[in-house]
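Report on the following structure.
Derivation of every value follows stated rules applied to the coordinates shown; laboratory data play no part. Predicted, not measured: the structure shown is a model, and the values here were computed from it. Here the Cβ positions follow ideal geometry from the backbone for every residue, glycine too, while neighbour counts run over all protein chains shown.
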Amino acid sequence: MRNAIVRAGFLAAILVSVFLCFGCGEAEPDPAEGVDATFDLVSPAFTDGGPMPVRHTCDGEDVSPPLQWKNLPQGTVSLALVMDDPDAVPVAGKVWDHWILYNIPARAVSLAEGISSEEDLPGGAHNGRGSSRVGYQGPCPPPGQVHTYVFRGYALDTILDLPGGATKEQVLEAIDGHVLASARLTAKYERE
């Protein structure tokens, strides 16, 4: 009887481990791996590592935050931006993609708050498809959980040959080998 209880406990521990690691597979590819150059990516709406204002979340107006960048390397032709939530893996079974942008012209120095369509983007830029829709989807973690939202910027030596609505995977594959510099900005959000 005791052996049966020990085996049941062991089996339960294995099942819990498998469940918690669902979607843990390999880490997402980082096209900036091996690229040492960086540029500055900031938001006037929040500080790096600080709280995301409610206005930019599902509990507020769900509008995209303003972003600014500078110190792009020489030869930058366009930028790509990915905003995702790696803390969503235990809940959603995958990293949740909140905002994908690409073909932002190098001459642009910022994105205004509240980008909701291609017409709001600098000329030639595209909104990609996040986990649930094209365009920005603000933070919306389960109540009581603090999630970290990661903005990753990529300075590229090319314009991507992708139509509007491309997925993060398509964008990351297309920028591989074209990253001149990268940037990272984070914000945290917890729903009441």
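Hey, with R₀ at 30 Å, roughly what FRET efficiency would Arg133 and Glu173 work out to, going by the Cβ-Cβ distance, to 0.05?
0.90
So which lysines pass the test for Lys94, namely a Cα distance under 23 Å, with those fewer than 8 places away in the same chain ruled out?
Within the straight-line cut-off, Lys94 pairs with Lys168, Lys188.
Relative to the present Cα-Cα distance, how much length would full extension add between Val109 and Ala92 at 0.36 nm per residue of separation? Can you show the working numbers first?
On the way: separation 17, 0.36 × 17 = 6.12 nm, distance 3.38 nm.
Taking Val109 through Ala92 to full extension adds about 2.7 nm, to one decimal.
Modelled label-to-label distance, Ser117 and Asp161, 7 Å Cα→beta-carbon offset: nm?
For the pair Ser117/Asp161, the computed spacing is 3.0 nm.
log10 I(q)/I(0), Debye, Cα-only the stretch 31-190, no solvent, q = 0.08, 0.10, 0.11, 0.20 Å⁻¹?
Cα-only, vacuum Debye calculation for the stretch 31-190: -0.20, -0.32, -0.39, -1.36.
Based on the Cβ-Cβ distance from Val146 to Asn71, what FRET efficiency comes out when R0 is 35 Å, to the nearest 0.05?
Efficiency for this residue pair is about 0.70.
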